[in-house]
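Input: a single structure, listed below in structure tokens.
Read-outs throughout are calculated quantities, based only on the coordinates presented, and are distinct from any laboratory measurement. Given the structure is predicted, the values throughout are model-derived calculations rather than measurements. A quick note on method: Cβ atoms are made from the backbone with ideal geometry, for glycine too, and the neighbour counts reach across all protein chains shown.
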Amino acid sequence: MFSTAPRCRYRNHQLGSVICQLRFPEILAISAGAPVAFQEAIRGEFPQYSRGQDMPAPKITGVPGSLTLQNPAPVINYQFSSADNVWRVNLTGKFISLSCTHYVSWEDFAAKLDKPLAAFIQVYKPAYFERVGLRYLNYISRSSLDLEGVPFSQLISPYYLGPLAQEDVQESAAAKCSVDAELSLRGGCRVKLHAGPGLIKRNGQQDPEVKFIFDQDLFMHGQLPLNLVTGAMQTLHSQADSIFRGAITQRLHEAMEPELL
């Protein structure tokens, strides 16, 4: 399930998006006023700005027989994007995140995170981080890899195929088939995994090709000191790399054109 193969970079990677999120004890100053100082620190790389409101899920309170539904107050979400909209920083009173839709390498991603994270720490001085997360969302497209007609059973390890790993189960007969798990990993990490075929939307349009969705949400939680964040992110990335390499077959590995680092 976990690969020890040397790390590589794929020329034809199948990543739809990569997101890191750092949660912290709520800082009221973020919601109380526009983040002017923070924007000034990152505006060179993230010049586009917008302000939105997230609606948290309703909460049920009370005791059986006297339950009430409460709608929490909207959460202000500040968004700072690169000129090409590939990179985006989100800031709320409880988290800061960086996401991208055109991933090149871990080193590139980590370098892009440096400035907004440093600016956030300097301006808002969080006591510690409660959760550090890194999510890799892969949409494995057979058409983009010249693998049309090849069943997923020849591209994905059996651990993540469920019934589709069986020779007498036809892929076309499965209306729905996925594997979902949450596991503890080395180094104090945990991962939530979702794997299975599915349809996705791009730019609001339904993509007709059935892709294999491999979604890794890795995280650490607790009271993480600020000076340990870089190491925590590196640990999460290493675990994600090992899991993904163990999830694909040699045929898919070669189709994505690996380059050793």
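Using +1 at the Cβ of each Lys and Arg and -1 at the Cβ of each Asp and Glu in the chain, identify which of 75, 239, 98 lies farthest towards the dipole's positive end.
Value: 75.
Can you give the FRET efficiency for residue 82 and residue 169, using 1/(1 + (r/R0)^6), R0 = 45 Å, r = Cβ-Cβ distance, to the nearest 0.05?
About 0.55, to the nearest 0.05.
Residue 125: which aspartates and glutamates have alpha carbons under 12 Å from its alpha carbon, excluding same-chain residues fewer than 8 sequence positions away?
The reachable aspartates and glutamates, counting only those whose Cα sits under 12 Å from residue 125, are 26.
About its Cα centre, what dipole magnitude does the stretch 81-238 give when the only charges are +1 on Lys and Arg Cβ and -1 on Asp and Glu Cβ, stated in debye to the nearest 20? Before the final figure, lay out the partial values.
Values: 15 positive and 16 negative charges, 163 e Å.
Here the size comes out at about 780 debye.
Where in the stretch 105-145 does the label zone of residue 226 land, with the point 7 angstrom along Cα→C-beta and an amide N cut-off under 15 Å?
Answer for this model: 114-130.
What size of dipole, in debye to the nearest 20, comes out for the stretch 47-159 about its Cα centre when the only charges are +1 on Lys and Arg C-beta atoms and -1 on Asp and Glu C-beta atoms? Show your work: numbers first, answer last.
Working: 10 positive and 8 negative charges, 102 e Å.
Roughly 500 debye for the stretch 47-159.
Rounded to the nearest 500, what is the chain's calculated 222 nm mean residue ellipticity when only DSSP H runs of at least 4 contribute -39500 (n - 2.57) each, over all residues? Before the final figure, lay out each step's value.
Numbers: 5 runs with 56 residues, N = 261.
Mean residue ellipticity, 222 nm, calculated: -6500 deg cm²/dmol.
Return a whole-number percent for the relative contact order of the chain, with Cα pairs under 8 Å and 6 or more residues apart as the contact set.
Working: 467 pairs, mean separation 69.4, N = 261.
Once normalised by length, the contact order is 27 percent.
For a Förster distance of 22 Å, can you work out the FRET efficiency between the beta-carbons of residue 17 and residue 184, rounded to the nearest 0.05?
About 0.30, to the nearest 0.05.
Please compare each pair in 94/115; 59/192; 112/176; 115/211 to a cut-off of 26 Å on the Cα-Cα distance and tell me which ones are over it.
Violating the 26 Å limit, Cα to Cα: 112/176; 115/211.
Relative to the longest principal Cα axis of the chain, at what angle does helix 106-124 sit, 0 to 90 degrees, rounded to 10?
For helix 106-124, the angle is close to 20 degrees.
Going by amide H atoms built from the backbone, whose H comes under 5 Å of the H on residue 10, apart from near neighbours?
259
Packing-wise, with mean Cβ within 10 Å as the measure, how do 198-211, 230-243 rank, highest first?
Put in order of decreasing packing, that is 230-243, 198-211.
Treating the angle as unsigned and between 0 and 90°, give the value, to the nearest 10°, between the Cα long axis of helix 229-247 and the longest Cα principal axis of the chain.
Orientation of helix 229-247: about 20 degrees from the principal axis.
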